[in-house]
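So that we are looking at the same thing, I have put the structure below in structure tokens.
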Amino acid sequence: MARKNVEDLRNLVKSVRDQSFSYEKREPAERNWHQYDQAQVNEIADVLETIRDVVNIASSRIQVEKRGAGRPPVPTSDIVKVMLMQTYFGMPNRIAEGFLRLFGGKTWSVI
């Protein structure tokens, strides 16, 4: 099966290169530029709000284990939020750790 797919792909590429591939031109789609611009403007806020809401719901279902003396650990929910944000923005670990320090004390209520 995989061999057939490779052959089909090679034949397709060959037909495109030698211009024997029959391509049906489509009319360009109408785009509502105002909606498009608004979606771009709101994308980051929407993603961060979704991350916050989903992680808060998930973390409310988890029993928090009480620990002994010492500094309390960084809440797991904050770590998960920053990891999801890191994945969305494609940022390295060091920058994500900076965001954890920046947002950690605020528990994401401002974001």
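The values are calculated or read from the model by the stated rules, or taken from the named source; none is laboratory data. Since the model is a prediction, treat every value here as computed from it, not as a measurement. As a convention, Cβ positions derive from the backbone with ideal geometry for all residues, glycine included, and neighbour counts pool all protein chains shown.
What pairs can you find where one residue is in segment 72-94 and within 20 Å of I62 (Cβ to Cβ) and without any contact (Cβ under 8 Å) to a residue 60 or more places away in the chain, the other is assigned to a helix (DSSP H, G or I) and of a type in the set (A, V, I, L, M), and their Cβ atoms are less than 6 Å apart, with a gap of 6+ or different chains?
S77/V55; V80/V55; K81/I51; K81/V55; V82/A96; V82/L100; L84/I51
Another question about this same structure. So which helices (runs of 4 or more DSSP H) are wholly in the chain and hold at least 1 residues that are modelled with pLDDT of 90 or more, touching a Leu at 6+ places or on another chain (Cβ under 7 Å) and surrounded by 10 or more Cβ atoms within 10 Å (Cβ to Cβ)?
Because the criterion is at least 1 residues that are modelled with pLDDT of 90 or more, touching a Leu at 6+ places or on another chain (Cβ under 7 Å) and surrounded by 10 or more Cβ atoms within 10 Å (Cβ to Cβ), the helices (runs of 4 or more DSSP H) in the chain that meet it are 33-60, 76-89.
Considering segment 23-50 alone, what residues qualify as being in contact (Cβ under 8 Å) with a residue 12 or more places away in the chain and more than 22 Å from Y88 (Cβ to Cβ)?
none
Oh, and also: What pairs come out if I take residues in segment 1-22 that are among the aromatic types (F, W, Y) and pair them with residues that are in a helix (DSSP H, G or I) whose C-beta lies under 8 Å away, six or more apart or interchain?
Within 8 Å, the pairs are F21/L12; F21/S15.
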